[in-house]
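The values are calculated or read from the model by the stated rules, or taken from the named source; none is laboratory data. Since the model is a prediction, treat every value here as computed from it, not as a measurement. Positions of Cβ are backbone-derived with ideal geometry, glycine not excepted, and every protein chain shown enters the neighbour counts.
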Amino acid sequence: MTTFKSENDEPVLEKLKSTMKKMLLWLLAALPVFAQAQNENCDGNRFLTDVFEIDSTMNVVFGNSTSYDGVNADLEMDVYYPIEEVSANRPLLILAHGGSFILGSREDMSWACRDLARKGYVVATIDYRLYDGPLFPIPDSLVMSDVVMKAVSDGKAAVRYFREDAAENGNTFSIDPDMILIGGVSAGAILMDHVAYMDETDDVEEFLLEALEDNGGWEGNSSDNTSYSSAVQGVLSYSGALRSAEYINAGDVPILSVHDDMDEVVPYGDGFATILTIPIIRLNGSGVMAARADEVGVPNELITIENSTGHVSYFGNPTMTNMVLDATYSFLHEIVCPGISFVAENFETIDLKLFPNPASTQVQIEVPGELADGVLSMYNPVGQLVIQQNVARQDLVRLDLSQLAGGLYTVVVQSRDNSGLRGVSRVSVE
């Protein structure tokens, strides 16, 4: 976790650079080496700096929906992309605006779309259903839960639109359907956090399940292309939250969160989201989400704006905005181009010795002295974290494999001292 004091910008830049390096080293260790193919355009420059002129396609219809007040309308998005001769399989980022699920429009995120498109991403800013009922009395938690589930349905439809287009319509925007990332600000972050992390494996409260079912179930009712996946590969959460941080589970996708620590609109910790200062519904904000992600081994970084009662204050301060965006570029780059970031040039991978191999019930791992007091992570054949433990200055670690299914697993031991060293090996479990 990184904390920035809102009243003093001067020392923040160097602190953020150090934190970004730690974050990228963590991602390098925590994302299994076989889990994601590297984008063919990775060169250490693209996706990090402005490279391209850009173009856009506006008013793209990706679904249709009925609002809380019964208004039926098409869902539209604006798509921004680099102008270039040829480049297939470009990573896609889908963004959602803020506004307490009452206000805002997709145009609010156009600045971010243009910024990221200049770096090589295809970026969409989407409509989603907003509350259009009476504001007095202020809508209660049941009403707003229904509105949020409508928005989640719309967000999932946007993801599916691009996968369907790639499969059936010639891939209009030349995206990589296996590299779709999502993000949002405030309400948009709450929406996208739920798209990424809430699923049928979670213990979801009855009132929220009812709202979910009323809006088409787990994939929603905003489009009929539900044979396509709405899964994503990473999340940007700017002042976001989940109904429960317990929705984040081992094997889930990485998340970058930024949040004011005394936010009075969306809670940083466990607290109430408000509309016009009136508490509406209890949520787990970025601080609780980061703790849960740490607990279950999900790669994450939390940037805390310390001593700040503002809401998304960092996007109202040019210095802070630039620093948060730099962290964003690096976070996304390490997902799209693992191992090619600015820390990669000093990153060394060594082979771990382990035996027996193949193994059935137990494997022993020799840990070199330079990796002692590090973190050991083990990933299954589909890239899910199955074991994680500290290496407390041991040179021989024994892992119990008796509960694991057969297959080829990857073991990573990451140093804690930011030396850029890790050990990697594979073991076949029978």
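Over 19 Å from residue 282 (Cα atoms) and among the β-branched types (Val, Ile, Thr): which single residue out of 182, 138 fits that description?
Step by step, each of 182, 138 is checked, and only 182 is over 19 Å from residue 282 (Cα atoms) and among the β-branched types (Val, Ile, Thr).
Picking from 220, 216, 188, 184, which residue would you name as being in contact (Cβ under 8 Å) with a residue 40 or more places away in the chain, buried (at least 23 other Cβ atoms within 10 Å of the Cβ) and part of a loop (DSSP other than H, G, I, E, B)?
220
Considering 407, 339, 423, which residue is closer than 24 Å to residue 179 by Cα, out of contact with any Gly (no Cβ under 8 Å at 6 or more places or on another chain) and at pLDDT below 90?
339
Quick check, is residue 51 more than 18 Å from residue 237 (Cα to Cα), at pLDDT below 95, over 23 Å from the mean Cα position of the chain (by Cα) and assigned to a loop (DSSP other than H, G, I, E, B)?
yes
Do we have residue 198 as touching a helix residue (DSSP H, G or I) at 6+ places or on another chain (Cβ under 6 Å), in contact (Cβ under 8 Å) with a residue 40 or more places away in the chain and aliphatic (A, V, I, L, M) here?
yes
Kindly establish whether residue 332 is at pLDDT 90 or above, on the phi < 0 side of the Ramachandran plot and in contact with a Leu (Cβ under 8 Å, 6 or more places away or on another chain).
Answer is yes for this residue.
For (1) at pLDDT 95 or above; (2) surrounded by fewer than 20 Cβ atoms within 10 Å (Cβ to Cβ); (3) under 18 Å from the mean Cα position of the chain (by Cα), each residue gets a yes or a no:
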residue: 264; (1), (2), (3): yes, yes, no
residue: 268; (1), (2), (3): yes, no, yes
residue: 273; (1), (2), (3): yes, no, no
residue: 291; (1), (2), (3): yes, yes, yes
residue: 297; (1), (2), (3): no, no, yes
residue: 300; (1), (2), (3): no, no, yes
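Could you go through the range 363-374 and let me know if any residue there is within 28 Å of the chain's Cα centre (by Cα) and either within 23 Å of residue 295 (Cβ to Cβ) or not assigned by TED's automatic domain parsing to the domain that holds residue 233 (or both).
yes
Of all residues in the range 230-253 being in a loop (DSSP other than H, G, I, E, B) and of a type in the set (Ser, Thr, Tyr), which is surrounded by the most Cβ atoms within 10 Å (Cβ to Cβ)?
In this case the residue turns out to be 239.
Within the set of pairs 6+ apart or on separate chains, which have a first residue in the range 321-335 that is closer than 11 Å to residue 115 by Cβ, a second that is in a helix (DSSP H, G or I), and C-beta atoms under 6 Å apart?
As it stands, the answer is 321/315, since those pairs meet every condition given.
Are there any pairs, at least 6 apart or on different chains, whose C-beta atoms fall under 6 Å, with the first in the range 257-272 and in contact (Cβ under 8 Å) with a residue 24 or more places away in the chain and the second of a type outside the set (Ser, Thr, Tyr) and in a loop (DSSP other than H, G, I, E, B), and if so, which?
Note: pairs meeting the criteria are 260/310; 263/311; 265/311; 268/261.
Please verify whether residue 136 is on the phi > 0 side of the Ramachandran plot and either of a type outside the set (D, E, K, R) or modelled with pLDDT of 95 or more (or both), treating the condition exactly as stated.
Criteria not met by residue 136.
Is at least one residue of the range 361-374 at pLDDT 90 or above and of a type in the set (A, V, I, L, M, F, W, C)?
Yes, the range 361-374 has at least one match.
Out of 85, 76, I need the residue that is at pLDDT below 95 and surrounded by fewer than 17 Cβ atoms within 10 Å (Cβ to Cβ). Which one?
Result: 85 is the single residue among 85, 76 that is at pLDDT below 95 and surrounded by fewer than 17 Cβ atoms within 10 Å (Cβ to Cβ).
Return the total of residues in the range 138-164 being part of a helix (DSSP H, G or I), over 23 Å from the mean Cα position of the chain (by Cα) and among the acidic types (Asp, Glu).
1
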